[in-house]
Amino acid sequence: MASLQDRFPAPQEGEPVSGGGAEARVSVLYGRGIRSGGPEALHQLVHELRREGVAASLVPHPRTIGRPRVVEYEGYDAPELAMSNDNPHDVIIAPEVYLPELLRFKRARRLCWWLSIDNSPAFRAERYLEDLKNGLADWPRARELRSLAWLTTRELSQWRPRLHALGHLSQSHYARAYLRRRLGVDSMIVSDYISDAEARIRCGEQAEDRGGLRISYNPAKGARLVNQVRRRAGLDAVWVPIAGMSPDQVRTNLAQSAVYLDLGPHPGKDRIPREAALAGA
């Protein structure tokens with residue numbers, strides 16, 4: 001993320017890095033209290049920008065402002081501000097799920113960080129149609145399907161001019177290629193990272209017992225297809241759903257698993273497959 005330094009306003013000598021006052025700053029809109037790959041990536045973005053001397057802070061989405069912050073993210077240097085400045089010398093960054101909120105700013109430089117494609121309101125109907133074709137969703141009635149096809153065309157036509165007015169960052173090459181193909185816009189790759197990666201690699205190398213054929217899977221991702229595999233494979237295996245686990249429990253489970261199976265859609269650059277690889281599954 002060091003390459004971002006030239007793209008964002010750095011504080012002048014003597015300015016506080018923490019923001020506040022009227023100095024130029026980068027505000028990153030995020031969902032407070034949500035523990036998942038997207039919010040952690042937004043913490044990482046602020047953390048790395050601040051390491052480069054950029055006055056960056058998180059700003060909680062209004063719908064999440066009453067939630068407590070995620071304890072596991074306290075290691076990141078990612079302070080909060082109550083609201084974003086909307087001045088020409090400021091920068092507002094928001095993930096694609098908060099596109100409507102990002103578009104409300106009129107004076108600041110606005111950047112959308114595409115952590116996913118499928119979850120964006122600009123492509124939600126379009127990606128749902130694709131899930132239907134791939135057997136990842138139930139087919140609606142014919143009349144509803146026609147309405148959905150119409151909505152897909154209307155949805156993108158409404159979003160296109162508004163998206164062309166923004167700057168774009170992509171977390172994955174999938175997102176970058178999709179934006180170029182569907183909108184004709186270029187974006188800069190800004191990825192996230194798996195924290196404490198070396199420890200995870202060592203955890204995988206030192207796992208003494210992988211529990212025979214232990215197969216981990218995420219029930220929120222392609223559970224229907226995973227269940228089909230379970231029924232047809234006839235394997236003498238222990239199937240472990242990754243649900244309701246703390247980060248440490250996920251790491252331990254993956255280190256003890258021979259296989260991580262993911263048959264769901266990847267709306268962006270998913271974290272668990274990368275964590276599974278680092279853990280040796």
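The values are calculated or read from the model by the stated rules, or taken from the named source; none is laboratory data. Just so it is clear, the model here is predicted, and its values are computed rather than measured. For neighbour counting, all protein chains shown are included, and Cβ atoms are generated from backbone atoms with ideal geometry for every residue, glycine included. For the accessible areas, the whole protein counts, side chains as well, though only heavy atoms, and no ligand, DNA or RNA atoms are used. Shrake-Rupley method; radii C 1.70, N 1.55, O 1.52, S 1.80 Å.
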Expressed as a whole percentage, what fraction of the accessible surface of the range 226-274 belongs to carbon and sulfur atoms when a 1.4 Å probe is rolled over the protein heavy atoms?
-> 51
With a 1.4 Å probe and every protein chain left in place, tell me how much accessible area Arg110 has, in Å² to the nearest 10.
-> 40
What GluC sites (Glu not before Pro) in the range 36-123 are in a loop by DSSP, with at most 13 other Cβ atoms within 10 Å of the Cβ?
-> Glu74
Report the accessible area of Ile34, computed with a 1.4 Å probe over the heavy atoms of all protein chains in place, in Å² rounded to the nearest 10.
-> 60
In terms of modelled amide H atoms, which long-range or inter-chain residues lie less than 5 Å from the amide H of Trp114?
-> Leu169, Ser170, Gln171
Rounded to the nearest 10 Å², the 1.4 Å probe accessible area of Val97 is 60
For the range 211-225 and the range 44-93, compute the distance between their C-alpha centroids and round to whole Å.
-> 34
Non-local amide H neighbours of Gly33 (under 5 Å, H modeled in plane, Pro and chain starts lacking H): which ones?
-> Val70
When the Kirkwood hydrodynamic radius is evaluated over all pairs of different C-alpha atoms of the range 93-132, what value in angstrom, to one decimal, is obtained?
-> 10.8
Heavy-atom accessible area per residue - the range 34-80, 1.4 Å, Å² = 45
With all protein chains present and a 1.4 Å probe, the order of Asp86, Asp248, Asp192 from largest accessible area down is Asp248, Asp86, Asp192
